[in-house]
Amino acid sequence: RTKPPRKNITSVVVTDASDTDPLWSRVTASATLSQISRLRWIVITYMIIIISHAFTLIYFLGHRDDMMMMMLRPRLAVSLPLYRLKQCFSTGQRVDNRQLQLLANQFPPVLHAFGYGSGVFSQTDNTSGMVDIVLVVDDAVDWHAQNLVLHSHHYAPLARMCGSSLIAKIQRIPPGVYFHAGVEIKESNSLVKYGVVEANMIKDDLRDWKYLYLAGRLHKPTVCIVENEEIMELQNKVNLPAALATSLLLLSSNNNTTTNVQTYSLSKIYQQIASISYAGDLRVSVGAEDPLKIQKLVHSDGQFDRWNDLYKDSLDMLTSSGILSLFDDDYVECNLNESSRDELLKRVPLQVRRKGHVLELRQLLASIVAPAARNQTMKGVVTAGPVKSAIYALNKLKKGILKSK
């Protein structure tokens, strides 16, 4: 018998749009790469969270005897302070001074405190309801021990177990701030993010720009809740004059003109000052900050007047020295000859001062800001715990790359 002839089987090739349309191919490839990039960032973030909590647990197990003794000891009796501020609502201020006073009164005594950010001052199209405050304390171990008695629920579970000694060690990692984000203070009906810093670390930052972290925050308008004379003196006589001098040097390096006399608007100067503390910041590079943040800091309702009040004395000092001439209320004429540049550089903290190398100033600032911002971001993962960290990171991304167009 002869075998029957084999039937010809034809294969059917199914093509999609990417086989025939090169434009669609590029679009889908770009979208895939974008998704992979974001997924990689999310995976890295959660790996950091897991590793940091693992190290905290290891520390706890290694010091469990000390920790158990601390947890079993009698609770401290904590007396709350009473700070009094004048009732005041300036233009664009979202939180009355009395509300800030109520907030400060809920914590153990502090040396200095200030409120800042979009929860305190309104910014264009901003709906943030979280009030940001910084509390300056003398000794972090003692302060957190008292705060654990009053507000133990503000701390991540592992931080509560490990106690104030470990919390203080984490806080002292540069730039030296321990933040609690998304905390509800029922007494003042407020959602708060509060940071705790020791006085010696904020003084170092104001005097030397050691981290350019809190010093950078204080380049911008804030509301003083509790006032410390030494900190205010460093702010007004060192930090603010240095910020103004640095902004003028940076603006002059952007100009290609050969003339020494240049004219700038105060708005441009203030925006340059506001950008100093964002140079090299990890949050900016990954899109976790509003791209219009700098403009909003200067031009939101009431902000320009606050900038004028903040820098009035510093502008007057440069005017009396002959470096600046104010005219038309909103513009300054700046004489940046060699002598004036040297005078401005003398006002810049020593570690960022490079005579004759103004073009390097931007890189020097970024080299200070970047490690401090990175450290603080990593610390936030530990101090807030995985859930709060994820929520806070998502809210930040919504202001940046996830913001609807």
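The values are calculated or read from the model by the stated rules, or taken from the named source; none is laboratory data. These numbers come from a predicted model, not from an experiment. When we count neighbours, we look across all protein chains shown, and the Cβ atoms used for this are built from the backbone with ideal geometry, even at glycine. Note: areas computed on protein heavy atoms with side chains; ligands, DNA, RNA excluded. Shrake-Rupley method; radii C 1.70, N 1.55, O 1.52, S 1.80 Å.
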Residue within region 229-244 that is in a helix (DSSP H, G or I) and closer than 21 Å to ASP328 by Cα present: yes
Hits in region 258-267 - residues which are modelled with pLDDT of 90 or more and farther than 17 Å from LEU361 by Cβ: THR263, SER265, LEU266, SER267
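Which count do you get for residues in region 176-194 that are open to solvent by less than 10 Å² (accessible area, probe 1.4 Å) and either modelled with pLDDT under 95 or under 11 Å from VAL131 (Cα atoms) (or both)?
Qualifying residue count for the region: 5.
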Sole exception among (1) at pLDDT below 90; (2) open to solvent by 40 Å² or more (accessible area, probe 1.4 Å); (3) in contact with a Phe, Trp or Tyr (Cβ under 7 Å, 6 or more places away or on another chain) for ARG98, by number: (3)
Per-region count, region 106-115, residues open to solvent by less than 20 Å² (accessible area, probe 1.4 Å), touching a Ser or Thr at 6+ places or on another chain (Cβ under 9 Å) and touching a residue at least 60 places away in the same chain (Cβ under 8 Å): 2
Filter result (open to solvent by 20 Å² or more (accessible area, probe 1.4 Å) and over 22 Å from ALA274 (Cα atoms)) within region 195-233: ASN200, GLU227, ASN228, GLU229, GLU230
Residue identified as surrounded by fewer than 20 Cβ atoms within 10 Å (Cβ to Cβ), at pLDDT 90 or above and of a type in the set (S, T, N, Q) among SER164, SER152: SER152
Residues satisfying the stated conditions in region 278-305, i.e. among the β-branched types (Val, Ile, Thr) and either open to solvent by less than 20 Å² (accessible area, probe 1.4 Å) or at pLDDT below 85 (or both): VAL284, VAL286, VAL298
Test: residue in region 387-397 that is modelled with pLDDT of 85 or more and either touching a helix residue (DSSP H, G or I) at 6+ places or on another chain (Cβ under 6 Å) or crowded, with 16+ Cβ neighbours inside 10 Å (or both): no
Every residue from region 342-361 that is modelled with pLDDT under 85, assigned to a helix (DSSP H, G or I) and either of a type outside the set (A, V, I, L, M) or touching a Gly at 6+ places or on another chain (Cβ under 6 Å) (or both): GLN351, GLU360
Residues satisfying the stated conditions in region 312-341, i.e. open to solvent by less than 90 Å² (accessible area, probe 1.4 Å) and part of a strand (DSSP E or B): LEU324, SER325, LEU326, PHE327, VAL332, GLU333, CYS334, ASN335
Whichever residue in region 132-149 is free of Cβ contacts under 8 Å to residues at least 40 places away in the same chain and aliphatic (A, V, I, L, M) and, among such residues, is least open to solvent (accessible area, probe 1.4 Å): LEU148
